[in-house]
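Participant: This is the structure, below, for whatever I ask next.
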Amino acid sequence: MSRKESMYKSMKMRFEKLPLSEVDSESDFFRIGYGPPSEKLEDSIMKIGIVNPVWVRSIRKSGARFQPALGYSRIQVANLHNITPLPCLVIDEEIPDQDIFLANIYDNLAIRELNLVEKATALKKSLSILGRNRTIDEIMPLLRVAPTEETLEKTIRILELDGVMLAAIVQGAIPPSNAFALFNFGKHEQKTVFDIIRTLKLGVNLQKEFMENLFECSRRVGISVDQLMERENLGAIPENRERTEQERANMMRKKLRQLRYPRLSEMERSFQECLRSVELAPEVKIMAPPFFETQDFHLNVKFREPGDLLERLDKIEAAFQSPQVQNWFKHHALQGKTKYD
């Protein structure tokens, strides 16, 4: 018989319907779930009631007589809608905390994957209930977390973020990799960074780029993110309600790239000046390679008939024979692959 099987067989329980007031809904000793109950669960309970009984055990506390052990979301819904009596399985007081905690983890994993905040919560509680060795050897693989000391400390640290940030992680607005990147910043800086991500509704990749550029720019000049925002007037960008979120995000991205890569910014500026000097038709677009890291430029020409195309090609040829264009490519584009720091 496996240890898990013996754990369940050893649990002595009795079924009771308890008044809601006798269950200590504020106790979260075994709880690993985070946030409000799902709408799906609430809808189910309101339609057919609580199908799976809540697990509780007796406690010595004035007022409430029972401590929740498993089924915290169901208790939340019951309190929200005053559903009483509450169907419960009362666990024998002699059952160890370790067995109840494991039952809670297995119960959650049976129906869903835990989010990052819940995994951090489970690991933190596991340290105090099961100890470090069992947490690393048993619980971390169970939660699909790399079983190392470094990963354990890194994951638990997520709980240091404030509640608004944790909610964003749970909702998927900030993926785990970007959530960990917030710790590159100080506590107050984290709030500034998060507020911009939330205001501009940056996607996953833009979040990563934004945090990297903001961190590098502030550390390069030895000032905080807030000081950099003030010095470069970056704070005005998210607050510019005359622009769409996409436009503001692009403005922020462009400004930070200019600050982080001044040589690249100068290259882009001079390239655009070169194009303006030869006055190409609006139907002709010349695109430089990203970051000027290759020598491959792209030409896009709109036309309706062969005559239009030939006429525009003649003008393009004349433009590229001009001293301005010839000199630009001689001094910039033809110097080979360029690295910017």
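The values are calculated or read from the model by the stated rules, or taken from the named source; none is laboratory data. Source: prediction; values computed, not measured. With ideal geometry, Cβ positions are generated from the backbone for all residues, glycine too; neighbour counts draw on all protein chains shown.
Participant: Name the single residue, out of those in segment 257-299 being surrounded by 16 or more Cβ atoms within 10 Å (Cβ to Cβ) and small (Gly, Ala, Ser), that is farthest from the chain's Cα centre (by Cα).
Facilitator: Checking each candidate, the answer is Ala288.
Participant: On to the next question. Any residue at all in segment 42-52 that is closer than 26 Å to Pro175 by Cβ and assigned to a helix (DSSP H, G or I)?
Facilitator: no
Participant: Take Arg248 and decide whether it is in contact with a Pro (Cβ under 7 Å, 6 or more places away or on another chain) and either under 30 Å from Gly186 (Cα atoms) or at pLDDT 90 or above (or both).
Facilitator: It is true that Arg248 is in contact with a Pro (Cβ under 7 Å, 6 or more places away or on another chain) and either under 30 Å from Gly186 (Cα atoms) or at pLDDT 90 or above (or both).
Participant: In segment 243-256, is there at least one residue being in contact (Cβ under 8 Å) with a residue 24 or more places away in the chain and surrounded by fewer than 17 Cβ atoms within 10 Å (Cβ to Cβ)?
Facilitator: yes
Participant: Follow-up question, since we're still on this one. Test of understanding: among Glu230, Glu266, Glu293, Glu305, which residue is closer than 30 Å to Leu214 by Cβ and at pLDDT 90 or above?
Facilitator: Glu230
Participant: Also: Of the numbered conditions (1) touching a strand residue (DSSP E or B) at 6+ places or on another chain (Cβ under 9 Å); (2) modelled with pLDDT of 90 or more, Val284 fails exactly one; give the number of that condition.
Facilitator: (2)
Participant: Please enumerate the residues belonging to segment 106-139 that are modelled with pLDDT of 95 or more, in contact with a Leu (Cβ under 9 Å, 6 or more places away or on another chain) and not in a helix (DSSP H, G or I).
Facilitator: The answer is Leu130, and nothing else.
Participant: Please find, among Ala69, Ala103, the residue that is within 30 Å of Glu149 (Cβ to Cβ), of a type outside the set (S, T, N, Q) and in a strand (DSSP E or B).
Facilitator: Ala69
Participant: Looking for something farther than 23 Å from Val56 by Cα and basic (Lys, Arg) - is there at least one such residue anywhere in segment 122-131?
Facilitator: No, because not a single residue in segment 122-131 is farther than 23 Å from Val56 by Cα and basic (Lys, Arg).
Results for (1) within 13 Å of Leu259 (Cβ to Cβ); (2) modelled with pLDDT of 95 or more; (3) loosely packed, with under 15 Cβ neighbours inside 10 Å, shown as yes or no for each residue.
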site: Arg198; (1), (2), (3): no, no, no
site: Asn205; (1), (2), (3): no, no, yes
site: Gly222; (1), (2), (3): no, no, yes
site: Ile237; (1), (2), (3): yes, no, no
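Participant: I'd like to know if segment 52-71 contains one or more residues that are under 18 Å from Tyr106 (Cβ atoms) and surrounded by fewer than 18 Cβ atoms within 10 Å (Cβ to Cβ).
Facilitator: Yes - at least one qualifying residue is present in segment 52-71.
Participant: Restricting to segment 224-235, give me the number of residues that are loosely packed, with under 14 Cβ neighbours inside 10 Å and either under 20 Å from the mean Cα position of the chain (by Cα) or part of a loop (DSSP other than H, G, I, E, B) (or both).
Facilitator: 1
Participant: Is one or more of the residues making up segment 325-336 farther than 29 Å from Ile237 by Cα and in contact with a Cys (Cβ under 8 Å, 6 or more places away or on another chain)?
Facilitator: yes
Participant: So which pairs qualify, if the first residue must be in segment 218-241 and not assigned by TED's automatic domain parsing to the domain that holds Lys187, the second must be surrounded by 13 or more Cβ atoms within 10 Å (Cβ to Cβ), the Cβ gap must be under 8 Å, and the two must be at least 6 apart or on different chains?
Facilitator: Cβ pairs passing all conditions: none.
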